[in-house]
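Below you'll find the structure, written out as structure tokens, and then a few comments.
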Amino acid sequence: MSAWVSERVTPGTTRLGAAVSPKGRGLQDIVIVGGGPGGYASALYANNFGLSVALVDEERPGGTCLIRGCIPAKQWLHIAQVFSTVSHAAEFGVIADQPTLDWEAALARKNQTVEGLVRGLGGLLKAKGVEVVSGYGRLAGPGRVEVETDDGRREIEGGSVILASGSHARTIPGYDFDGSSIVSSDHALDWPRRPDRVAIIGGGVIGCEFASFLIDVGAEVHVFEVMDQILPGSDPEAARQLQRQLQKRGVKFHIGVGVEPPKVGDSVVVPFAGESVEVDVVLVSVGRGPNTADVGLDTVAAEVDRGFVKVDPQTMQTAQSGLYAVGDIVAGTPQLAHVGFAEGIAAVTHIATGETRPVNYQAIPRVTYTHPEVAEVGINEAQAAERGLEVETAKHAFNGIGRAIIIGENQGFAKVVYERGGPIVGATVVGPQAGELIHELMYSVGWEALPDEAAAFVHAHPTLSETVGETLLSAAGRSLH
Ligand SMILES: Cc1cc2nc3c(=O)[nH]c(=O)nc-3n(C[C@H](O)[C@H](O)[C@H](O)COP(=O)(O)OP(=O)(O)OC[C@H]3O[C@@H](n4cnc5c(N)ncnc54)[C@H](O)[C@@H]3O)c2cc1C
């Protein structure tokens with residue numbers, strides 16, 4: 001299939017690249033604004049169909065996930081895990097000197113991981129023939145993107161355009177980011193040294209992950225959550241389990257508490273409910289807003305809801321024919337990297353074939369990479385009740401699981417939610433390797449398996465997966481241990 005990215009050179013702009021097609025002939029071409037998971041997955045996937053792609057990003061492709069999100073955050077969590085494992089080695093009869101954390105070396109490790117992946121992605125995009133255009137892109141009417149490059153303005157025309165401009169950290173009144181006293185996760189991933197006392201505003205996924213990492217490397221940590229539980233929206237029992245385990249390690253939680261504007265001096269005082277805490281730095285993690293304020297959405301017919309772009313979930317197409325949106329900017333879908341990947345695949349499938357391959361949002365795994373991890377798929381009991389579903393649950397704890405005892409991590413449980421007499425509709429695992437274990441339950445939810453069908457498989461012994469197997473047996477009404 002032949003395809004082009006067509007280029008028009010307007011006065012004062014420069015021509016880049018060689019592939020120029022007459023206007024209107026580039027019907028299979030795609031121009032993508034944003035090179036994060038949504039954008040780069042779209043670009044890579046388009047190669048399956050022989051489509052030519054221009055990928056516009058003001059930075060190197062990688063996006064929040066590779067550069068300021070999933071990857072660096074998980075690297076820090078793993079560093080904390082290694083530190084904690086060595087610190088507790090004596091529990092297994094392994095005598096090691098009390099470890100110290102070389103923050104500079106740890107930061108270098110984080111940077112090395114990010115750099116390796118960003119470079120790898122660059123190589124992959126090149127190998128697949130994607131033209132990476134460096135600069136800030138804006139829609140300039142249907143099928144057109146204007147890019148501010150170092151060499152001037154450039155207009156790129158495509159048969160289809162995918163907007164994947166991602167998201168940014170939000171804050172609350174009085175807590176404007178200054179990069180040192182009041183920071184977002186962007187700054188916190190690059191702290192030059194460990195802060196001794198940290199207040200985290202927001203006990204969602206990102207806030208809890210930072211709390212887990214910071215407490216394990218020896219910081220004093222306060223978490224403020226205005227809702228009545230951490231990980232709002234998650235299974236309350238799982239949230240309590242995580243809270244208990246973090247509390248045991250020293251995290252101080254202030255739940256159902258709103259903070260007032262801080263007093264910033266040499267330290268930061270965070271007032272709340274007639275009290276206050278004094279810390280070195282405040283990390284605000286209260287959610288992420290879409291990067292759509294200045295991407296030219298006013299030049300097309302797309303519909304927007306509080307900044308998020310509305311799409312047809314079958315195709316990811318916006319109200320503007322030929323304009324697609326994927327990733328964190330999409331209205332009403334989870335802000336997760338793998339959701340961005342899947343939405344990119346759905347959009348490109350529609351562009352290339354006219355067929356639909358909608359994302360099965362019901363079966364998207366959602367993982368909080370704290371220690372212990374919390375992983376969920378489908379719906380929990382409260383969400384089932386909201387939908388008027390009559391559900392039952394089965395649960396099995398890690399505390400009797402041989403492998404969990406061997407590794408000294410036998411707190412937590414797996415829980416499945418199933419319709420009375422019907423299929424499994426959701427699951428939660430909190431405990432060791434929960435983020436891996438959830439994938440088995442993802443199949444059960446995605447394939448709408450009955451508990452009896454899912455329980456028919458035998459799990460290897462001794463594995464952590466046995467926790468899931470035991471839970472499924474209980475759900476099928478024939479528990480073993
Ligand atoms: C600390 C943290 C940890 C996270 N951990 C996880 C995790 O473990 N798992 C998970 O699934 N998700 C995680 N996420 C969320 C994940 O990073 C996002 O869901 C994902 O990156 C969204 O992908 P995206 O392609 O929509 O946008 P982004 O990754 O935000 O990428 C958007 C890209 O577009 C570029 N851009 C924006 N506007 C323009 C423009 N006008 N012109 C040119 N370029 C532009 C940006 O430079 C950026 O590269 C985490 C997020 C954070 C902040």
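The values are calculated or read from the model by the stated rules, or taken from the named source; none is laboratory data. Treat the numbers as computed from the prediction; the structure is a model and nothing was measured. Using ideal geometry, Cβ is built from the backbone for each residue, glycine included, and neighbour counts are taken over all protein chains shown. Calculation scope for accessible area: heavy atoms of the full protein, side chains included, ligands and nucleic acids excluded. Shrake-Rupley method; radii C 1.70, N 1.55, O 1.52, S 1.80 Å.
List of remarks:
- Matching entry among 293, 319, 325 (being within 13 Å of the ligand (Cβ to nearest atom) and either open to solvent by less than 20 Å² (accessible area, probe 1.4 Å) or farther than 24 Å from residue 68 by Cβ (or both)): 325
- Within the option set 109, 8, 25, being modelled with pLDDT of 95 or more and away from the ligand (no atom under 16 Å from the Cβ) holds for one residue only, 109.
- Residues of the range 286-315 that turn out to be touching a Gly at 6+ places or on another chain (Cβ under 8 Å), over 12 Å from residue 139 (Cα atoms), touching a residue at least 40 places away in the same chain (Cβ under 8 Å) and not polar (S, T, N, Q), as a count: 4
- Taken as a whole, the condition of being away from the ligand (no atom under 16 Å from the Cβ) and free of Cβ contacts under 8 Å to residues at least 12 places away in the same chain does not apply to residue 196.
- Lone qualifier among 89, 96, 46, 73 - being more than 16 Å from residue 128 (Cβ to Cβ) and buried (at least 18 other Cβ atoms within 10 Å of the Cβ): 73
- Checking each residue in the range 32-61 for being under 16 Å from residue 120 (Cβ atoms) and hydrophobic (A, V, I, L, M, F, W, C) picks out 41, 43, 44, 55.
- Selection over the range 350-369 of residues that are away from the ligand (no atom under 11 Å from the Cβ) and either without any contact (Cβ under 8 Å) to a residue 40 or more places away in the chain or in a loop (DSSP other than H, G, I, E, B) (or both) gives a count of 8.
- Filter result for residue 149 (within 16 Å of the ligand (Cβ to nearest atom), at pLDDT 95 or above, of a type in the set (Ser, Thr, Tyr) and closer than 21 Å to residue 209 by Cβ): no
- Counting the residues of the range 34-58 that are within 19 Å of the chain's Cα centre (by Cα) and either among the charged types (D, E, K, R) or at negative phi (or both) gives 8.
- Only one entry in 248, 263, 252 is farther than 20 Å from residue 172 by Cβ and over 23 Å from the mean Cα position of the chain (by Cα), namely 248.
- Within the range 390-425, the residues that satisfy the criterion of being open to solvent by 60 Å² or more (accessible area, probe 1.4 Å) and assigned to a strand (DSSP E or B) are 392, 395.
- Residues (within 11 Å of the ligand (Cβ to nearest atom), open to solvent by 40 Å² or more (accessible area, probe 1.4 Å) and either out of contact with any helix residue (DSSP H, G or I) (no Cβ under 7 Å at 6 or more places or on another chain) or not in a helix (DSSP H, G or I) (or both)) located in the range 328-344: 334, 335, 336, 338
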